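Step one of this worksheet: look at the structure below.
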Amino acid sequence: MGELALGDGIGGITHRTVAVNGIRLHIAEKGTGPAVLLLHGFPELWYSWRHQISYLSSRGYRAVAPDLRGFGDSDAPPPHDCYTMLHVVGDIVALIQFLGEEKVFVVGHDWGAIVAWNLCMFRPDLVRSVVALSVAFMPRNPLRKPLDTLRLVYGDDYYVCAFQEKERAEGEFAQIDLKLLMKKFLTYHDPKPVIVPKDKGFSTPPEKEIVLPAWLSEEDVEYFANKFRRTGFTGGVNYYRALDLSWELTAAWTGAKIKVPAKFIVGDEDLTYHFPGAKEYIHHGGFKKDVPLLQDVVVIEGAGHFINQEKAMEIAEHIYEFISNI
């Protein structure tokens, strides 16, 4: 494992690195009982779930939060084509088997939500239920690749499109202090899409000093910054670069439904909730059609994208209330 970094010993959470699916995954875990897998997004780590790990473990659950491949203390294969949903879900399937669990509860945020939905689609036999934060299930469009859709809607300066170019992602991230960059990411609280003009870029200093919200401390930011300072961002950005390849490889699941009990939670100021057509899909029958066992949709007023940290206890309670009734 090596030395424990800042935050690694909090609240009795234990850490180990396990060999699964041909790579090494770092996992943080606490508690005994039914297993709950907590899957983070970008640019995050297991640490994003620190509050939920403590909450769930104190209520009779085995909370397990991996650093997904490409992040933190897990392996980060360099090629972007190692980050398709088949690869990342494969890691989680192997992790479930390694943990000795027949079935698990799965909770995911951002990219972790996408991984969770795909796990439910590929291997519903392994999942007791799913709680997805920020990103609703997105059925595959057989007619158009994801990047083509995003370029059509938002243009080439949309952040996901900009992430396709190393000089516009890692190149610009390297030009700004990592702690300041993490503050920019984690305090982003705007429902408008993230547009990054080439003449401004990700490394543009903020117009005014970033004041941390009550839910995010300097120590928290330092933990994230330390990890990304060591690993860089290529692993995380590769998820975006594998979008179209995942689309190609999952053609066999076109039209597939999610057939496990599900709950969805989103902040009303989350940019994902304001994607064109998202609200209509979520609230007017499309979501329920694709996820027939969808039991609850919760929209949290005033909450932004990083909802599992911003509304940590509220999210923990929602998870517990849902899984304890499955």
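In this Cβ point-charge picture (+1 for Lys and Arg, -1 for Asp and Glu), the chain has a dipole of about 800 debye about its Cα centre.
Could you give the DSSP H helices of the chain that reach 15 angstrom or more along their long axis (alpha carbon positions) and whose average Kyte-Doolittle hydropathy is no lower than 0.5? Span-like helices in the chain: 85-98, 111-122, 312-323. Model label points for Thr254 and Asp148, set 7 angstrom from Cα along the Cα-to-Cβ axis, are 1.1 nm apart. For the chain, DSSP calls about 35 percent of its internal beta bridges antiparallel. Taking the square roots of 5 times each eigenvalue of the Cα gyration tensor of the stretch 136-175, largest first, gives ellipsoid semi-axes of 25, 11, 8 Å. One decimal place: the segment Glu207-Arg140 gains 20.3 nm when fully extended, by the rule 0.36 nm per residue minus the C-alpha distance. Note that the chain presents 41 Å² accessible area per residue, ligands and nucleic acids not counted, probe 1.4 Å.
A straight Cα-to-Cα reach below 27 Å connects Lys200 with the lysines Lys166, Lys179, Lys183, Lys184, Lys192, Lys208, Lys227, residues fewer than 8 places away in its own chain not being considered. The alpha-carbon of Lys257 sits under 17 angstrom from the alpha-carbons of these lysines, leaving out residues fewer than 8 places away in its chain: Lys288, Lys289.
A Gaussian network model of the chain, with springs between Cα atoms under 10 Å, assigns the largest mean-square fluctuation among Leu178, Leu99, Leu68 to Leu99. Can you work out the FRET efficiency for the pair Glu301 and Lys103, with r the C-beta to C-beta distance and R0 = 41 Å, to the nearest 0.05? With R0 = 41 Å, the Cβ-Cβ based efficiency is 0.75. Take the chain and mark each of the GluC sites (Glu not before Pro) that is in a DSSP loop with at most 11 other Cβ atoms within 10 Å; the longest unmarked stretch, sites excluded, is 103-206. Per-atom-type breakdown for the stretch 99-240 gives carbon and sulfur 52% of the accessible area (1.4 Å probe, protein chains only).
Accessible area per residue was computed with a 1.4 Å probe on protein heavy atoms; Thr84 scores about 0 Å². With R₀ set to 35 Å, the beta-carbon distance separating Ala19 from Glu321 gives a calculated FRET efficiency near 0.50. Distances between every pair of Cα atoms in the chain, grouped in 20 Å steps from 0 to the bin holding the largest one, split as 33, 63, 4 percent.
For the chain, adding -39500 (n - 2.57) for each run of n ≥ 4 DSSP H residues and dividing by the number of residues yields -9500 deg cm²/dmol at 222 nm.
Annotation note: trypsin sites (Lys or Arg not before Pro) in the stretch 109-215 located in DSSP loop regions with a Cβ neighbour count of at most 12 within 10 Å are Arg144, Lys198, Lys200, Lys208.
Rounded to two decimals, the Cα radius of gyration of the stretch 9-74 over 2.2 N^0.38 Å is 1.04.
The values are calculated or read from the model by the stated rules, or taken from the named source; none is laboratory data. Remember, it's a predicted structure, so these values are computed and weren't measured experimentally. Methodologically, a virtual Cβ is constructed for each residue, glycine included, from the backbone with ideal geometry; neighbour enumeration extends over all protein chains shown. When the accessible area is computed, the model is the full protein with side chains, heavy atoms only, and any ligands, DNA or RNA have been set aside. Shrake-Rupley method; radii C 1.70, N 1.55, O 1.52, S 1.80 Å.
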